[in-house]
1. Can you name the residue in segment A:146-169 that is in a loop (DSSP other than H, G, I, E, B) and among the charged types (D, E, K, R) and is also farthest from B:Ala53 (Cα to Cα) among such residues?
2. Considering segment A:30-46 alone, what residues qualify as being assigned to a helix (DSSP H, G or I) and open to solvent by less than 20 Å² (accessible area, probe 1.4 Å)?
3. What number of residues in segment A:115-141 are facing another protein chain (nearest Cβ under 7 Å), assigned to a loop (DSSP other than H, G, I, E, B) and either farther than 17 Å from A:Ile8 by Cβ or at pLDDT 95 or above (or both)?
4. Answer yes or no: is there a residue in segment B:55-64 that is in contact with a helix residue (DSSP H, G or I) (Cβ under 8 Å, 6 or more places away or on another chain), of a type outside the set (D, E, K, R), in a loop (DSSP other than H, G, I, E, B) and within 14 Å of chain A (Cβ to nearest Cβ).
5. Within segment B:75-104, can you find the residues that are touching a residue at least 24 places away in the same chain (Cβ under 8 Å) and either over 19 Å from B:Val17 (Cβ atoms) or open to solvent by less than 70 Å² (accessible area, probe 1.4 Å) (or both)?
6. Given the criterion over 30 Å from A:Leu93 (Cα atoms) and either outside any helix (DSSP H, G or I) or of a type outside the set (A, V, I, L, M, F, W, C) (or both), identify the matching residue among B:Lys4, B:Lys99.
7. Among the residues of segment B:75-94, count how many are aliphatic (A, V, I, L, M), farther than 17 Å from A:Glu7 by Cα and either assigned to a helix (DSSP H, G or I) or within 11 Å of chain A (Cβ to nearest Cβ) (or both).
8. Against the condition surrounded by fewer than 15 Cβ atoms within 10 Å (Cβ to Cβ), in contact with a Phe, Trp or Tyr (Cβ under 8 Å, 6 or more places away or on another chain), over 30 Å from A:Ile121 (Cβ atoms) and of a type in the set (Asp, Glu), how does B:Glu72 come out, does it pass?
Amino acid sequence: TGGHTTEILRLLSCLSESYSPRHYIFADSDKMSEAKIRSFEQKRAETFSNSQFTLDRIPRSRGVRQSWTSSVVTTLYSILYSLPLTYKLKPDLILCNGPGTCVPVCISALLLGLLGMKRAIIVYVESICRVETLSLSGKILYYFSDYFIVQWPDLKEKYPKSVYLGRIV
Amino acid sequence: FRFKDSLAEDLRRADLVISHAGAGSCLETLEEGKPLIVVINEKLMNNHQLELAKRLHRDGHVLYCNCSTLVETLQSMDLSTLKPFPPGQPEKFALFMDKVVGFQ
């Protein structure tokens, strides 16, 4: 969704061309991210000749303030949906930054790893909006990611396993 | 106007911005180097939106008020006390990632 997409594109802005191909996954209810991503990739293609990327949509795991019990159901549905997608893409690296969409994708990747099919490195970057508390996705993925990056020192103190690089977006 | 695709034009021409505490609004304004007064409506907002506004205020980058104190704030404000907001550094992220992935 909006803010998350803007942030993640900024994170990608300095990555070298070795981070290719890029597979973007976002919620089916998201109307604006596709345009932002295409615009970013178009600009990138001006500098790098071999720019490859794909776009995929998965069902939204959780709406704003959706109740706990219904969120579990919708997230399970999203996981079922993202399993075959993750299996198809077999990513080496998953970079995510907080929307509900990232939980099913990361869980799928973890399952694939457990089954010995593909082990992805999971890097989570908490949003710059999160100064003192983690988002729900963050609280979950703090335990399941390989690298958990926070952008404010208070969070680094509360979550000692996290990585603090300062503000990166 | 109600909604625009981008406020970038308006932001560039502004001398002062008065905004709600949404992260996007705050950050875009600060990145343009414009002075910002954040108006908090505690009834409408959930706590997490306040975190960033509070921190930005604590670090001296924005002025802060609620709907009823806005006029008073505008009358007594001293914008020269606001500190510039340095941009984020995605290069640091790129360096970190290169180490993680093994591209040196």
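The values are calculated or read from the model by the stated rules, or taken from the named source; none is laboratory data. Source: prediction; values computed, not measured. Here the Cβ positions follow ideal geometry from the backbone for every residue, glycine too, while neighbour counts run over all protein chains shown. All accessible areas refer to the heavy atoms of the entire protein, side chains included, with ligands and DNA or RNA removed. Shrake-Rupley method; radii C 1.70, N 1.55, O 1.52, S 1.80 Å.
1. Of the residues in segment A:146-169, the ones in a loop (DSSP other than H, G, I, E, B) are A:146, A:151-152, A:159-162, A:165-169.
Subset that is among the charged types (D, E, K, R): A:146, A:161, A:167.
Details: A:Asp146: 30, A:Lys161: 26, A:Arg167: 15 Å.
The residue in question is A:Asp146.
2. Selection gives A:Ser33, A:Ile37, A:Glu41, A:Arg44.
3. 3
4. Within segment B:55-64 (the criterion being in contact with a helix residue (DSSP H, G or I) (Cβ under 8 Å, 6 or more places away or on another chain), of a type outside the set (D, E, K, R), in a loop (DSSP other than H, G, I, E, B) and within 14 Å of chain A (Cβ to nearest Cβ)), the answer is yes, since at least one residue qualifies.
5. B:Met77, B:Leu79, B:Leu82, B:Phe85
6. The match here is B:Lys4.
7. The first filter runs over segment B:75-94 and keeps only residues aliphatic (A, V, I, L, M), leaving B:77, B:79, B:82, B:94.
Filter once more, keeping what is farther than 17 Å from A:Glu7 by Cα: B:77, B:79, B:82.
Narrowing further to those that are either assigned to a helix (DSSP H, G or I) or within 11 Å of chain A (Cβ to nearest Cβ) (or both): B:79.
Summing the residues that are aliphatic (A, V, I, L, M), farther than 17 Å from A:Glu7 by Cα and either assigned to a helix (DSSP H, G or I) or within 11 Å of chain A (Cβ to nearest Cβ) (or both) in segment B:75-94 gives 1.
8. Working: surrounded by fewer than 15 Cβ atoms within 10 Å (Cβ to Cβ): yes; in contact with a Phe, Trp or Tyr (Cβ under 8 Å, 6 or more places away or on another chain): no; over 30 Å from A:Ile121 (Cβ atoms): yes; of a type in the set (Asp, Glu): yes.
In short, no.
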